[in-house]
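Student: Here you go, one structure.
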Amino acid sequence: MNGHPDAVVVGAGVIGSSIALQLAKRGNDVLVVDKAGGPGYGSTSASSAIIRYNYSTLDGVVTAWESGQCWTNWRSYLGLDQDVAVAQFHRTGMVFLDADIAPRDRTIKLFKGVNIPYEEWDTAELVQRVPGIDPGRYFPPKPVHSDEFFDDATSTLGALFTPDAGFVNDPRLAAANLAQAAAAHGATFRYRAAIVQIEQTTDGLWHLRLGDGTTIDTPVVVNAAGPWSGALNKIAGVGADFTVSVAPMRQEVHHVSAPPGFNAGGQLGPSIADMDLGIYTRPETGGGFLIGGTEPDCDALEWIDDPDTVNLSRTADRFESQVMRAARRFPDLTVPSQPSGIAGVYDVASDWTPIYDKTDRDGFYVAIGTSGNQFKNAPLAGEFLAQIITEVEAGHDHDHDPVQYIGRTTGLTVDLGSFSRKRALNAESSGTVLG
Ligand SMILES: Cc1cc2nc3c(=O)[nH]c(=O)nc-3n(C[C@H](O)[C@H](O)[C@H](O)COP(=O)(O)OP(=O)(O)OC[C@H]3O[C@@H](n4cnc5c(N)ncnc54)[C@H](O)[C@@H]3O)c2cc1C
């Protein structure tokens, strides 16, 4: 100990807590600070926590599949005792309805490269396997108040099904589990502690000032501040060399009852990615059904300035848009007269792919731009950052010779340069939350 922590992680969401765990496991003295009252109270708590493997790049698919193995063995992955309550992974499968912007063939090629089990469904199989679904092709999504919204389907859809996908029942608890595991490896957490000023001193340390006037010095800072990440970069003076920008975007997820027959035989039905209508759906234990959006072109995006002042209540307008679309897909879905659901904030990167990287300021790292799709990847995000930090602090030039991560299950290599702040934008991205 030099009288200061080896690393300070700003943000105790699912990403920051995971980074803390992996840094602590490597023997670092880690301090996590969060302005909220506990772990996972930021955007993590609003997450739909869907665990799926469809991404637009091989690095993305390997990352999701390797992380998926952590969720399915969550307690042993964390090394937590039986008496600790842990988040539960529910294996429901995921139905990815055909959509030209995320071509089925491309995904299958990626799945084959990683050995991910999948099934190709034609329309008949889709209808048989998902009770109550209307397989109509309606693309492009239309505003729900337009006449075109009620146009007949132009043809029918098939789907790509991944049986090993699912969801985590309590994303906030998952972050708390990571924090608990990190603490067991010696990490410390300070809550209700906002970082308000960051300066690099001449001796190479970062000098962090908290809202209560106290200060912390450390050689390594990790920005894992979720939708507040852009603001944190700004006060630290980093970002000038980024080709990928990040910005907060408001989102809503609505809660209704599952359509009749959807949870057949007492089994939860699958999650569904429906870019054809501009929504995704996820089953919920107890017969619930979550409905989120996939940023269809016909809906205005809700970019915001400050996540602290955003309206975190669902609105009647968004509720109507998303639930009406789900009712198009499931004609027997009951549309409640009272809106219910939550609002949350994404930290959206220009190409909807996260930034896991160093910066041009020595000792300042970022795990940001998680774009509404990185809850599932939090286990590997922690490992990525710990490996990048370890190698860069030991003198490795990650910008010119990107660190390579080897997957524990697949043995496949993830080129961490694909999450660089200075990458060429991911041209394969769907430009939506689906990455
Ligand atoms: C509505 C919604 C649905 C989603 N659905 C899915 C999904 O189905 N599947 C999936 O994989 N992903 C999903 N995501 C995305 C996923 O939840 C996020 O990528 C992930 O939770 C981000 O975690 P984080 O730790 O980076 O951010 P956060 O959880 O926001 O944590 C950041 C923390 O930093 C703290 N902080 C910020 N600034 C400061 C400061 N200056 N000082 C101190 N503390 C600070 C905040 O208090 C906060 O706790 C969804 C997200 C939302 C909002």
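The values are calculated or read from the model by the stated rules, or taken from the named source; none is laboratory data. Model, not experiment: these values are computed from the prediction. Backbone-built Cβ (ideal geometry, glycine too); neighbour counts: all protein chains shown.
Student: Could you say which residue among Val127, Val62 is assigned to a helix (DSSP H, G or I), over 22 Å from the mean Cα position of the chain (by Cα) and aliphatic (A, V, I, L, M)?
Tutor: Working: Val62 fails: over 22 Å from the mean Cα position of the chain (by Cα).
Just one listed residue meets the conditions, Val127.
Student: Residue by residue through the stretch 384-435, note down the ones that are of a type in the set (Asp, Glu) and within 21 Å of Ile15 (Cα to Cα).
Tutor: Glu391, Glu393, Asp415
Student: I'm trying to understand the selection: among the residues of the stretch 100-116, which are touching a residue at least 60 places away in the same chain (Cβ under 8 Å) and buried (at least 21 other Cβ atoms within 10 Å of the Cβ)?
Tutor: Ala102, Ile116
Student: In the stretch 118-173, what count of residues is obtained for those that are of a type in the set (Ser, Thr, Tyr), under 14 Å from Arg329 (Cα atoms) and surrounded by 14 or more Cβ atoms within 10 Å (Cβ to Cβ)?
Tutor: Total meeting the criteria: 3.
Student: Can you tell me how many residues within the stretch 364-377 are within 11 Å of the ligand (Cβ to nearest atom), among the hydrophobic types (A, V, I, L, M, F, W, C) and surrounded by fewer than 24 Cβ atoms within 10 Å (Cβ to Cβ)?
Tutor: The total comes to 0.
Student: For residues that are assigned to a helix (DSSP H, G or I) and of a type in the set (Gly, Ala, Ser), scanning just the stretch 295-336, find the one that is surrounded by the fewest Cβ atoms within 10 Å (Cβ to Cβ).
Tutor: Kept after step one, since they are assigned to a helix (DSSP H, G or I), are these residues of the stretch 295-336: 307-309, 316-329.
Still in the running and of a type in the set (Gly, Ala, Ser): 316, 321, 326-327.
Working: Ala316: 9, Ser321: 25, Ala326: 24, Ala327: 19.
Step by step, filter the stretch 295-336, then rank; the result is Ala316.
Student: Does the stretch 345-363 include one or more residues that are in a helix (DSSP H, G or I), under 21 Å from the mean Cα position of the chain (by Cα) and buried (at least 24 other Cβ atoms within 10 Å of the Cβ)?
Tutor: Checking the stretch 345-363: not a single residue is in a helix (DSSP H, G or I), under 21 Å from the mean Cα position of the chain (by Cα) and buried (at least 24 other Cβ atoms within 10 Å of the Cβ).
Student: Quickly run through the stretch 190-223 and pick out the residues that are touching a Leu at 6+ places or on another chain (Cβ under 7 Å) and farther than 27 Å from Phe384 by Cα.
Tutor: Thr215
Student: Of the residues that sit in the stretch 1-16 and are assigned to a loop (DSSP other than H, G, I, E, B) and of a type in the set (A, V, I, L, M, F, W, C), which one is surrounded by the fewest Cβ atoms within 10 Å (Cβ to Cβ)?
Tutor: For the stretch 1-16, the residue satisfying everything is Met1.
Student: So, one more: How many residues are outside any loop (DSSP other than H, G, I, E, B) and farther than 22 Å from Thr107 by Cβ if we restrict to the stretch 135-160? Before you say what the answer is, go through the steps one by one.
Tutor: In the first step, residues of the stretch 135-160 are kept if they are outside any loop (DSSP other than H, G, I, E, B); the result is 136-137, 147-150, 155-156, 159-160.
Now restrict to residues that are farther than 22 Å from Thr107 by Cβ: 147-150.
Number of matching residues: 4.
Student: Any residue in the stretch 416-427 that is within 16 Å of the ligand (Cβ to nearest atom), assigned to a helix (DSSP H, G or I) and in contact (Cβ under 8 Å) with a residue 12 or more places away in the chain?
Tutor: Yes - at least one qualifying residue is present in the stretch 416-427.
Student: Between a residue in the stretch 16-40 that is near the ligand (Cβ under 8 Å from one of its atoms) and any residue that is polar (S, T, N, Q), which pairs come within a Cβ distance under 6 Å, given they are 6 or more apart or on different chains?
Tutor: Partner pairs satisfying both residue conditions: Pro39/Ser17.
Student: If you scan the stretch 315-347, which residues turn out to be closer than 25 Å to Ala231 by Cβ and either modelled with pLDDT under 95 or in contact with a helix residue (DSSP H, G or I) (Cβ under 9 Å, 6 or more places away or on another chain) (or both)?
Tutor: Correct list: Ile342, Ala343, Gly344, Val345, Tyr346, Asp347.
Student: Which one of Leu380, Leu434, Leu416 is buried (at least 20 other Cβ atoms within 10 Å of the Cβ) and in contact with a His (Cβ under 8 Å, 6 or more places away or on another chain)?
Tutor: Answer to the selection: Leu416.
Student: For Ser56, only one of the following conditions fails: (1) of a type in the set (Gly, Ala, Ser); (2) part of a loop (DSSP other than H, G, I, E, B); (3) within 11 Å of the ligand (Cβ to nearest atom). What is its number?
Tutor: Among (1) of a type in the set (Gly, Ala, Ser); (2) part of a loop (DSSP other than H, G, I, E, B); (3) within 11 Å of the ligand (Cβ to nearest atom), Ser56 violates only (3).
The rows are residues; the columns are (1) surrounded by fewer than 23 Cβ atoms within 10 Å (Cβ to Cβ); (2) assigned to a helix (DSSP H, G or I); (3) of a type in the set (Phe, Trp, Tyr).
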position: Ser18; (1), (2), (3): no, yes, no
position: Ala24; (1), (2), (3): no, yes, no
position: Gly27; (1), (2), (3): yes, no, no
position: Thr44; (1), (2), (3): no, yes, no
position: Gly68; (1), (2), (3): no, yes, no
position: Tyr77; (1), (2), (3): yes, yes, yes
position: Val84; (1), (2), (3): yes, no, no
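Student: With the requirement that a residue be farther than 24 Å from Asp98 by Cβ, part of a loop (DSSP other than H, G, I, E, B) and touching an Asp or Glu at 6+ places or on another chain (Cβ under 8 Å), what does the stretch 232-285 give you?
Tutor: Passing the criteria: Val238, Ala240, Asp241, Val244, Pro260.
Student: Turning to a different aspect of this structure: Here are some residues: Ile216, Ile235. Which one is within 18 Å of His4 (Cα to Cα), of a type outside the set (Phe, Trp, Tyr) and either within 15 Å of the ligand (Cβ to nearest atom) or in contact (Cβ under 8 Å) with a residue 12 or more places away in the chain (or both)?
Tutor: Of Ile216, Ile235, the one residue that is within 18 Å of His4 (Cα to Cα), of a type outside the set (Phe, Trp, Tyr) and either within 15 Å of the ligand (Cβ to nearest atom) or in contact (Cβ under 8 Å) with a residue 12 or more places away in the chain (or both) is Ile216.
Student: Evaluate the following for Phe96: is it of a type in the set (A, V, I, L, M, F, W, C), outside the structural domain of Gly407 (by TED's automatic domain parsing), within 16 Å of the ligand (Cβ to nearest atom) and out of contact with any Asp or Glu (no Cβ under 7 Å at 6 or more places or on another chain)?
Tutor: yes
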